[in-house]
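In what follows, a single structure is set out as structure tokens and then discussed.
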Amino acid sequence: MNIFRFLADMSHVVSILILLQKIRTSNAVAGISFKTQALYALVFLTRYLDLFYKFHSVYNSLMKVFFIATSIYTLHLMRNKPRAQTAASLDTFPVQYILAGSAVLAIALPSGFKYTPTVILWTFSLWLESVAILPQLFMLQRTGEAENLTVHYIFALGLYRGFYVLNWIYRYWVDDWFSMISLITGLIQTAVYSDFFYIYYKNVMKGKKFELPQ
């Protein structure tokens, strides 16, 4: 555990709480990609299988249970909230391609080249998480704007991944730990958020409405 890992986890927790607050307090879930939330649920379910056979710490276990439980709860809430027809028609990103790509990469290049089911699934979760936000960003691109809670959620989620990259750099220098796949997927995910971060800083942090350039 180090400060970057802790800040990453807290940013992730905050992003989920923001999302749940938006869903629970609104009469609809327009602007939220169900596909992105389903991808994140799949990420957690494939990554945290070690909950059933390996104990690291109370903190580690609680975080894993929290992420799995809240991702499933989010999908439950979204299924039981009215979705505007126009919003559903915007959530059309072809997720089958990123699912297939993540699966191929996980099988071809598992972490440490260890060809065991748990390692392949863990590697799959890393590749999938690096692009799981794409359906949500695709919706933003099509609408051109979003509610503040939605963009705060995406910002906190991106911040979480940025802190994790710093965590891996820290662990390399201090603990002599290195994972090429973790670093590559983390950098990819951070790069995916780069345009969003710029627009967030340019508009939202200056008190303006989040709008994509025309």
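List of remarks:
- Per residue, the accessible area of the chain comes to 53 Å², computed with a 1.4 Å probe over protein heavy atoms only.
- Sites N148 and A191 - FRET efficiency at Förster radius 25 Å, r taken between beta-carbons, to 0.05: 0.55
- Of all aspartates and glutamates in the structure, the ones whose alpha carbon falls short of 14 Å from that of K208, not counting any fewer than 8 places away in one chain, are E145, E147.
- Computed magnitude of the charge dipole of segment 1-108 (debye, nearest 20; Cβ of K, R +1, Cβ of D, E -1): 200 debye
- Placing R0 at 41 angstrom, the Cβ-Cβ distance between Q96 and Y59 gives a FRET efficiency of 0.70 after rounding to 0.05.
- For the chain, the alpha carbon convex hull comes to 129 Å³ per residue, rounded to a whole number.
- Mean residue ellipticity at 222 nm, helices only, the chain: -24500 deg cm²/dmol; runs of at least 4 DSSP H residues each add -39,500 (n - 2.57), and the sum is divided by the number of residues.
- FRET efficiency for T25 and F113, using Cβ-Cβ distance with R0 set to 41 Å, rounded to 0.05: 0.30
- Only the Cβ atoms of Lys and Arg (+1) and of Asp and Glu (-1) were treated as charged; on that basis the dipole of the chain about its Cα centre amounts to roughly 400 debye.
- Taking all protein chains together and rolling a 1.4 Å probe, H76 ends up with roughly 100 Å² accessible.
- Accessible surface of the chain [probe 1.4 Å, protein heavy atoms]: carbon and sulfur percent: 66 percent
- The alpha carbon centroids of segment 3-39 and segment 152-214 are separated by 15 Å.
- Close Lys-Lys pairs in segment 3-206, where close means Cα under 25 Å and separation is 8 or more or interchain: 10
- When the chain is described by a simple charge dipole with +1 on each Lys and Arg Cβ and -1 on each Asp and Glu Cβ, the residue from H76, I184, V165 located farthest towards its positive end is H76.
- Linear extension gain, R79 paired with R5, 0.36 nm per residue minus alpha-carbon span: 23.4 nm
The values are calculated or read from the model by the stated rules, or taken from the named source; none is laboratory data. Source: prediction; values computed, not measured. When we count neighbours, we look across all protein chains shown, and the Cβ atoms used for this are built from the backbone with ideal geometry, even at glycine. Ligands, DNA and RNA are stripped out before the accessible areas are found, and what is left, the full protein with its side chains, is counted by its heavy atoms. Shrake-Rupley method; radii C 1.70, N 1.55, O 1.52, S 1.80 Å.
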